[in-house]
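Take a look at the structure set out below.
The values are calculated or read from the model by the stated rules, or taken from the named source; none is laboratory data. The structure presented is a predicted model; accordingly, all values stated were derived computationally and were not measured. Reconstructed Cβ throughout: ideal geometry from the backbone, glycine too, with neighbour counts over all protein chains shown.
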Amino acid sequence: MYPNLYYAFKDFFGVEWTGLRFINSFGFFVALGFIVAAFVLTIELKRKERDGLLHAEDVKIIVGKPAGAADLFLNFLLGFLLGFKILGLFISDSSLKDDPQQFIFSSEGSWPAGIILGLLFAGLKWREKNKQKLTKVEERTIRIWPHDRVGDIVIFAAVFGFLGAKIFHNFENWNEFVANPIQALLSFSGLTFYGGLICATLAIFWYARKHHIGFRHLCDSAAPALILAYAIGRIGCQVSGDGDWGILNSAYITTPDSKVELADSTVFNQVLQANSVYYTQQFSIPNYIDAPHKMIKAPSWIPTWMVAYSYPHNVIGEGVKINGCSGQYCSHLPIPVFPTAFYETVICILLFVLLWSLRSILTIPGTMFAVYLIVNGIERFFIEKIRVNTKYDIFGFHPTQAELISGLMVLTGISLFLYLKLKHRNTTNGNLS
């Protein structure tokens with residue numbers, strides 16, 4: 001496991017760059033996912049623009065004005081925050097430096113770095129505006145294409161996606177939220193993808209309408225980008241060990257030094273009993289015997305970790321202490337689990353290839369996004385069968401939140417696809433008559 005990039009670079013390249021300790025592996029891959037998604041979305045929007053399916057918007061702007069007080073203050077504030085917290089994380093001697101998230105949300109930071117960087121940002125803004133200053137302020141009309149707005153779209157998706165993912169996660173884990181609401185809201189761990197997808201979609205719908213971007217074409221363009229970004233984000237879950245893993249694989253146990261070895265049912269039950277307190281808390285069950293598990297041995301042609309992984313040195317400190325380990329990340333799972341994040345990465349990359357190949361085939365606006373809803377929902381519904389998640393009790397059924405939403409996504413996708421096909425057929429027949 002690589003909780004942050006320091007451990008990854010140390011393992012792969014043999015270098016120990018202390019500054020990399022502050023770059024969380026999960027956050028790094030989430031950011032990479034957004035960057036790749038923006039690139040893919042831009043390609044698709046440009047293609048639709050060339051085909052005449054999306055159009056530019058004429059926008060009036062004012063040029064030649066000097067920097068105002070509000071511009072200078074906002075740039076100073078941004079620079080100050082970056083210097084106070086981000087640079088402060090590198091140069092501060094605070095004991096909180098070993099926990100970047102706690103440092104970010106604390107009152108500690110570097111005042112000199114904040115003030116210097118704030119003045120630098122404000123000065124650069126003043127210089128930029130001063131170069132553009134005209135004797136007489138002018139109003140000009142510029143043409144902005146949808147692909148020019150990808151940056152704004154990605155920011156909207158990131159902000160509202162994070163908020164939605166956090167809100168839905170706390171609904172799903174209400175008891176944890178009630179026990180410590182501040183920690184639950186401020187922690188970067190604990191995110192529900194579908195909550196992020198729903199809230200980000202609503203925000204982008206508003207943005208698209210505001211700027212006269214065809215929403216169906218935008219959704220179609222975003223479908224391959226979304227599935228690919230999700231696949232990359234899941235790499236972060238797997239690499240960091242953020243708790244997003246599957247149920248126990250009772251064919252194996254974890255040794256005190258984090259090795260995974262085969263075990264029969266007797267040994268499995270002995271290890272389960274020895275860690276009964278941990279498992280009753282983890283699964284919120286009255287008896288450790290009820291811990292969910294499946295017994296599947298890895299075929300000889302794949303590595304054992306693909307079906308049973310103990311997540312050593314995981315970022316959330318889940319499990320029991322690794323024998324002989326000292327430091328911040330010294331925990332592993334006493335019984336290995338199914339690495340569901342890895343499965344989702346592989347499946348979603350294949351689904352991206354599928355969606356990318358359907359771009360020129362699904363020509364009816366909205367049908368590409370409908371297919372995305374279907375395949376994404378099916379993938380998540382079945383992966384939930386071996387994932388650890390809170391279950392609800394609904395008329396004798398015990399689905400998880402993700403199963404409910406993924407099932408709804410499949411039904412919505414099928415209904416949308418059939419509706420759009422029928423509507424297109426009726427429109428075409430009407431035009432022919």
Mind listing whichever residues of segment 137-164 are among the hydrophobic types (A, V, I, L, M, F, W, C) and part of a helix (DSSP H, G or I)?
150, 153, 154, 155, 156, 157, 158, 159, 160, 162, 163
Mind telling me which of the residues 251, 263 ends up being in contact (Cβ under 8 Å) with a residue 40 or more places away in the chain and not basic (Lys, Arg)?
251
Residue 302 being crowded, with 17+ Cβ neighbours inside 10 Å and either at pLDDT 90 or above or among the charged types (D, E, K, R) (or both):
no
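Every residue, every condition in (1) crowded, with 19+ Cβ neighbours inside 10 Å; (2) closer than 30 Å to residue 241 by Cβ; (3) modelled with pLDDT of 95 or more; (4) within 28 Å of the chain's Cα centre (by Cα), yes or no:
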position	(1), (2), (3), (4)
16	no, yes, no, yes
19	no, yes, no, yes
40	yes, yes, yes, yes
58	no, no, no, no
61	no, no, no, no
69	no, no, no, no
Among 358, 350, 373, which is without any contact (Cβ under 8 Å) to a residue 60 or more places away in the chain and touching a Phe, Trp or Tyr at 6+ places or on another chain (Cβ under 9 Å)?
373
Given the criteria over 27 Å from residue 201 (Cβ atoms) and either touching a Cys at 6+ places or on another chain (Cβ under 9 Å) or surrounded by fewer than 22 Cβ atoms within 10 Å (Cβ to Cβ) (or both), does residue 321 qualify?
yes
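Let me confirm something: among 418, 354, 411, which residue is closer than 24 Å to residue 221 by Cβ, more than 25 Å from the chain's Cα centre (by Cα), surrounded by fewer than 17 Cβ atoms within 10 Å (Cβ to Cβ) and at pLDDT 95 or above?
Details: 354 fails: more than 25 Å from the chain's Cα centre (by Cα); 411 fails: more than 25 Å from the chain's Cα centre (by Cα).
Being closer than 24 Å to residue 221 by Cβ, more than 25 Å from the chain's Cα centre (by Cα), surrounded by fewer than 17 Cβ atoms within 10 Å (Cβ to Cβ) and at pLDDT 95 or above holds for just one of 418, 354, 411, which is 418.
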Enumeration of residues in segment 35-68 that are within 30 Å of residue 127 (Cα to Cα) and assigned to a loop (DSSP other than H, G, I, E, B)
64, 65, 66, 67, 68
Please specify each residue of segment 229-243 satisfying the condition of being more than 11 Å from the chain's Cα centre (by Cα) and not in a loop (DSSP other than H, G, I, E, B).
238, 239, 240
